Amino acid sequence: MDRYGSYAELRASEVEGRDYRVHLRLADSPFAVVAPHGGRIERGTLPIAEAIAGNEHTYYCFEGIKPRRNYSLHITSDKFDEPRALAAVQRVRTVVTIHGAGGSERVVYLGGLDSALRARIISALDASGFAAAEDPSPTRQGTGKTNICNRGRSGRGVQIELPVGLRKQMFHQSASGLWDPNAIFERFVADVRRVLSE
């Protein structure tokens, strides 16, 4: 159960710059790549989203930076209404969101209302050696109209869920706690970027 049901509720208790940061880079592209639970909320999703966006696509991340208990900053995707995020996604046709899921499986799960783009990403990842599938979880379908992935101008986007088991494969983890991207990270990013470029 999330502690906050909206950004206004979160902002009343948490301090930007101390508890969380917002990253935003606008681009002239039909796509935005969004990590609504970045930083210490869902580890690894910030660098993945930033790398997929590159300089070509709009990039947004809500980053948890609290010393501990960052999951308290999680606002579910159907209620994620941080104003800079909403303004950014309303400029583009299609939104792709990057999430971290629990679980040790090494599978990329996809949801969202853009079934054509979702299928193209699954096909590209499968061809590259990743296990990719439509998300079987009833709570991660990404089909709500207010889900941040579906709030671009088309009303249809893609939600990508990466379980812990897969995210850990995508980074070298140092003793100091840093997660450094590795070749698996680079391959995943390249696969998704190639689909967006098509």
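Values in this text are rule-based calculations from the coordinates and carry no lab data. Only a predicted model underlies this, so the values are computations on that prediction, with no experimental measurement involved. Don't worry about glycine lacking a Cβ; one is built from the backbone with ideal geometry, like all the others, and counts go over all protein chains shown.
Amide H contacts under 5 Å for A35: Y60, C61, F62, I98, restricted to partners 5 or more places along the chain or on a different chain, H placed in the peptide plane at 1.01 Å from N. Taking amide hydrogens as placed 1.01 Å from N in the peptide plane, the amide H of L113 sits under 5 Å from those of G157, each at least 5 positions away in sequence or on another chain. Once you sort the root eigenvalues of the Cα gyration tensor of the stretch 58-132 as a ≥ b ≥ c, which label holds: rounded (a/c under 1.5), prolate (a/b larger than b/c) or oblate (the other case)? Oblate, since a/c reaches 1.5 and b/c is not below a/b.
Note on the chain: with a GNM built from Cα contacts shorter than 10 Å, the maximum mean-square fluctuation among A101, A116, A133 falls on A116. Close amide H pairs (under 5 Å, H built 1.01 Å from N) link V108 with A131, A132, A133, residues at least 5 positions away or on another chain. Highest mean packing first, where packing is the average number of other Cβ atoms within 10 Å per residue, the peptides 10-18, 86-94, 144-152 line up as 144-152, 86-94, 10-18.
Derived scalar couplings between HN and Hα for the stretch 75-82 equal 10, 4, 4, 6, 10, 6, 10, 4 Hz in order, rounded to whole Hz, by the Karplus curve 6.51 cos²θ - 1.76 cosθ + 1.60 (θ = phi - 60°), x for Gly and Pro.
What you get for the chain, charging only the Cβ of Lys and Arg (+1) and of Asp and Glu (-1), is a dipole of about 240 debye around the Cα centre. Of G44, G103, G111, which has the largest mean-square fluctuation in a 10 Å C-alpha GNM of the chain? The residue that fluctuates most here is G103. All Cα-Cα distances of the stretch 115-198, cut into 5 Å bins from zero to the largest, leave 3, 13, 20, 22, 18, 14, 8, 2, 0 percent in each bin in turn. Within the chain, DSSP assigns beta bridges of which about 35% are antiparallel (rounded to the nearest 5). Taking a spot 7 Å from the Cα of R187 along the direction of its beta carbon, which residues of the stretch 156-177 have an amide N less than 13 Å from it? Within reach of a label on R187: 169-171.
So what are the chain's ellipsoid semi-axes, whole angstrom, largest first, if each one is the square root of 5 times an eigenvalue of the alpha-carbon gyration tensor? Kindly include the intermediate steps, with their values, before the conclusion.
On the way: eigenvalues 106, 83, 50 Å².
They are 23, 20, 16 Å, listed largest first.
Report, in whole Å, the centroid distance computed from the Cα atoms of the stretch 59-104 and the stretch 151-183. For the stretch 59-104 versus the stretch 151-183, the Cα centre distance is 13 Å. Protection proxy ranking, highest mean first, for peptides 49-55, 168-174, 184-190: 49-55, 184-190, 168-174, where packing is the per-residue count of other beta-carbon atoms within 10 Å, averaged.
DSSP bridge analysis restricted to the stretch 1-110 gives an antiparallel fraction near 35%, rounded to the nearest 5.
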